[in-house]
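Right, one structure below, let's go through it.
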Amino acid sequence: MRNKTLRLFAALLALAMVAAACGGGDDDGGGTASGEAPSFDEPVEIDYWLWDANQQPFYEQCAADFTANVQPNITVKVEQFGWGDYWTGLTAAFASESAPDVFTDHLARYPEFVESGVLVSLNDFVDRDGVDVNQYFPGLAELWTSPDGDRFGLPKDFDTIAMVTNTDMLADAGITIEDFASAEWNPQDGGTWGELIQRLTIDANGVRGNEDGFDPSNVAVYGFGLEGAFGAFGQTTFSSFAASNGYVATDEPWANEANFGDAELAETIQFFADWIEAGYVTPIEDVESLGGTTIFQEGGAATQTNGSWMISTLSGDATTVPVAYAPLPVGPIGERRSMFNGLADSITTSAENPDAAWEWVKYMASPACQEVIGEGAVVFPAIPSATKIAQDAHNANGVDVSAFTVHVDDGTTFLFPINDSASRVEDAVGPVMQQILRGEGTAADLLPAAAEEVNSILGG
Amino acid sequence: MTAATTKNVASNKTNLSGGWPVAFWFLLPSLIGFTLFFFLPTLRGFYLSFTDWNLLANDGEFTGLENYRTLAEDDKFYDSMLTTLWYVVLNIGSQTILAIMIAVMMDRLTNSTTIRSILLLPWLMPNVVVALLWLWMLDGNFGVVNAFIEWLPLGWLFGDGPFRFFQDAGKVIPAIAAINTWKFTGYTALLIFAGLQTIPKTVYEAAAMDGATELQMFRRITLPLMRPVLALVLVLTIVGSFQVFDIVQVATGGFGGQPGGPVNASRVIYLYIFQNAINFNDLGYAAAISVVLVIILLGVTAVQMRLLRAGESDLA
């Protein structure tokens, strides 16, 4: 009898489990815009996530303005998480159906969210409210459109890459920032850019990299510092050099194959591996353990490449290294190239009130909020007039940021290679880059196999 | 008096034979915990391994054995199993030998509870703290361990430094094994020590009378008599060792590295499961690897129990 009770109990528990296992995902969320703009009579709270702590105060300002001037019944709670925790936290939040209503989205990540069906298409909202997607820098809005024509984000800012130099070290070597601005690079001998880097390298005995007796095994200051591990796309590291050597990662956004086997890429990666070996570029082991920007800021490297979002960190009050920026060197194709990357705000299917979430996204993508962000002088907003404000704010602080914006003015940018499996591609290529930069194999030998793996990931 | 005693015994007997309801209520709290947090998730994981469940969408289709077929041809899976095995050999080898030495010394030399407590200190530290601590100490640029090796100098033994333990594909697994050995040796030693205490002191006295040396006593008395305890300890520590994750995730990630690096040299099986589930959102595949891992661990445990005859003791 009691055994029967127990069995019944166990059976009930098992049933409950099956129900729990199969029952998930009953709410497919996702609101679509109805014919006319709704009014918000009841108080609504929007959860908004971002990762950049430097921008948090300005988005909090935007949120306050939004509630005060636009939608009195919608309040926005701004939450910030560091870059690493942000994506793990977001994944966990999606899995537990507690994701924020709106979050700052990245081009490398959003296609995987789209594939998983957790983002709300903004097409109906954009059409209904007549949002002008041409008010942004050309190309930025289209980055957020999937091959199906669905729009999953409204642009908030853009970033480009430039050379970052330690002006004290430049002065010691008798180099001016203009020398870097007019430098040329090639993957064979480094070009005039390479000569500058060699002159800036100093070994423990004070011998410079271009002088006789230079000891590459005992370097005190490297001429060029890698910003970080290369990864697959090398936004802040190799991408500008490879692109100015004629390399194109993918022929089109959302491509089913990539070009990791191209000779232009192999030459570029091999150049850095050789120059690490020769003592002019920071060893990848040091970069992995300390971080490239830390090495630069501690005076271990005279220059680096970095993104425009780092300007306030590199030129901020807390830095000890005096910094000047130069455009990237001109490569073998006769032009410079900077990756043109942009962030946007996306609405999740977890949003309880997509209409209210849209109002907030629309506000952040409007001049009213982007001008506030521009005044903060942390990033370049997606709207040109707001970026002008950011430039003026930087100039007022005595920081010349034209090295970053010149790429946009001259049209020497290329877009982030959007693809639907960025994390798998990173996992396939990242370790191979680590191997090449450690000198454990040549780029020409190792990259083709990685290319094959990437193509099977993208094609599959 | 006699009658009362008899009656008590009798009623005790009744209670024992009808003890199920009582036992049930006593077991209920842990049964609920076991069911909710262990049994049901295990069943669900088993179910997920037959689906292409997407972590973000929290949805998936039944795909039958598809995940297992992929797994059978997945080089990364075999690679990470080998990495894990190499780690387990290094970790369990060094940890068990050290723990036995410490336990025997404690048993033969001291009864101090202070020393026993000190042994447990590393075990009390959270894994992430341990990982961060050693990440700094083993760093190639400013780590104290490198300074120590240089100061000793141990160059003739290890070669010329500085050693970048977490950035060198050949050193990263030994380094992680050493960290976990440092963390768990004290705890393992205490388990073995408890087993040693069950060996009657009279056996040692008799051996001493016969003129046996300490080493002989260890080989012919201690080792054989503590076999059942050792078997239990090995099963526990080996299963635990296969599950190494947090130290790898934190220490090899470092400040600018990639967890599991360099060049995937420290991608242990738990990290591979984590990557599939969290980075690639492929919960179904991650579940399939987990199921296979459970089967492997069950096999390893069964073999161990049998080889070490864990059920029998020579003490009887």
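What whole number of Å gives the distance from the Cα centroid of the range B:79-127 to the Cα centroid of the range A:278-349?
Here the two parts' Cα centres lie 44 Å apart.
Just to be sure I understand: of the beta bridges DSSP finds with both ends in the protein assembly as shown, what percent are antiparallel, rounded to 5?
On the way: 29 of 46 bridges.
Given both bridge residues lie in the protein assembly as shown, the antiparallel proportion sits at roughly 65 percent.
Using the Cβ atoms and a cut-off under 10 Å, what net charge is assigned to the surroundings of A:Pro283, where Lys and Arg are +1 and Asp and Glu are -1?
Working: positive: A:Arg438, B:Arg164; negative: A:Glu277, A:Glu285, A:Asp286, A:Glu288.
Summing Lys and Arg as +1 and Asp and Glu as -1 gives -2.
Quick one: order A:Trp87, B:Trp136, A:Trp358 by neighbouring beta-carbon count within 10 Å, fewest to most.
Values: A:Trp87 17, B:Trp136 12, A:Trp358 28.
Result, fewest neighbours first: B:Trp136, A:Trp87, A:Trp358.
Over the Cα atoms, compute the radius of gyration (one decimal) and Dmax (the largest Cα-Cα distance, rounded to a whole number) for the range A:160-316, in Å.
15.5, 52
Compute a Gaussian network model of chain B, connecting alpha carbons closer than 10 Å, and tell me which residue from B:Leu31, B:Leu133, B:Leu55 fluctuates the most.
B:Leu31
If a/c stays under 1.5 just call it rounded; otherwise compare a/b with b/c (prolate if a/b is bigger, oblate if not). Do that for the protein assembly as shown, with a ≥ b ≥ c from the square roots of the Cα gyration tensor eigenvalues. Could the numbers behind the result be given before it?
Values: a/c = 2.34, a/b = 1.39, b/c = 1.69.
Verdict is oblate for the protein assembly as shown.
Report ³J(HN,Hα) in whole Hz for each residue of the range A:385-402, in order, from the Karplus equation J = 6.51 cos²θ - 1.76 cosθ + 1.60 where θ = phi - 60°; Gly and Pro get x.
Residue by residue, the range A:385-402 yields 5, 6, 5, 4, 4, 4, 4, 4, 5, 4, 4, 4, 7, x, 10, 8, 10, 5 Hz.
Is the shape of the range A:387-428 rounded, prolate or oblate, going by the alpha carbon gyration tensor and its root eigenvalues a ≥ b ≥ c, with a/c under 1.5 for rounded and a/b larger than b/c for prolate? Please list the in-between numbers first.
Working: a/c = 3.77, a/b = 2.50, b/c = 1.51.
In terms of gyration-tensor shape, prolate.
Which of B:Ser241, B:Ser94, B:Ser266 moves most in a GNM of chain B, Cα contacts under 10 Å?
The residue that fluctuates most here is B:Ser94.
Are there any trypsin sites (Lys or Arg not before Pro) in the range B:236-315 that are in a DSSP loop and have at most 13 other Cβ atoms within 10 Å? List them by number. Please list the in-between numbers first.
On the way: sites: B:Arg267, B:Arg306, B:Arg309; in loops: B:Arg267, B:Arg309.
Qualifying residues, ordered by number: B:Arg309.
Let a ≥ b ≥ c be the square roots of the eigenvalues of the Cα gyration tensor of the range A:333-437; is it rounded (a/c under 1.5), or, if not, prolate (a/b larger than b/c) or oblate?
Working: a/c = 2.41, a/b = 1.10, b/c = 2.19.
In terms of gyration-tensor shape, oblate.
Rounded to the nearest Å, what's the spacing between the alpha carbon centres of the range B:135-177 and the range A:73-137? Just the number, please.
Cα centroid to Cα centroid, the span is 43 Å.
Normalized C-alpha radius of gyration of the range B:53-132, against 2.2 N^0.38 Å?
Numbers: Rg = 21.7 Å, N = 80, 2.2 N^0.38 = 11.6 Å.
That works out to 1.86 for the range B:53-132.
Among B:Asp210, B:Asp52, B:Asp139, which one shows the highest mean-square fluctuation when chain B is modelled as a Gaussian network with alpha-carbon springs under 10 Å?
Of the options given, B:Asp210 has the highest mean-square fluctuation.
Calculate the length of the line joining the C-alpha centroid of the range A:434-448 to that of the range B:232-274, in whole Å.
Each part's Cα centre sits 25 Å from the other's.
Over the range A:179-338, what is the percentage of antiparallel beta bridges among all DSSP beta bridges, to the nearest 5? Walk me through the intermediate numbers first.
Details: 3 of 8 bridges.
In the range A:179-338, approximately 40 percent of DSSP beta bridges are antiparallel ones.
What fraction of the DSSP beta bridges in chain A is antiparallel, stated in percent and rounded to the nearest 5? Before the final figure, lay out each step's value.
Numbers: 26 of 43 bridges.
Taking every DSSP beta bridge with both residues in chain A, the antiparallel ones total about 60 percent.
A short reminder: the numbers here are calculations on the coordinates, not readings from a lab. Keep in mind the model is a prediction, meaning the values are calculated, not measured. All Cβ positions, glycine included, derive from the backbone under ideal geometry; neighbour counts span all protein chains shown.
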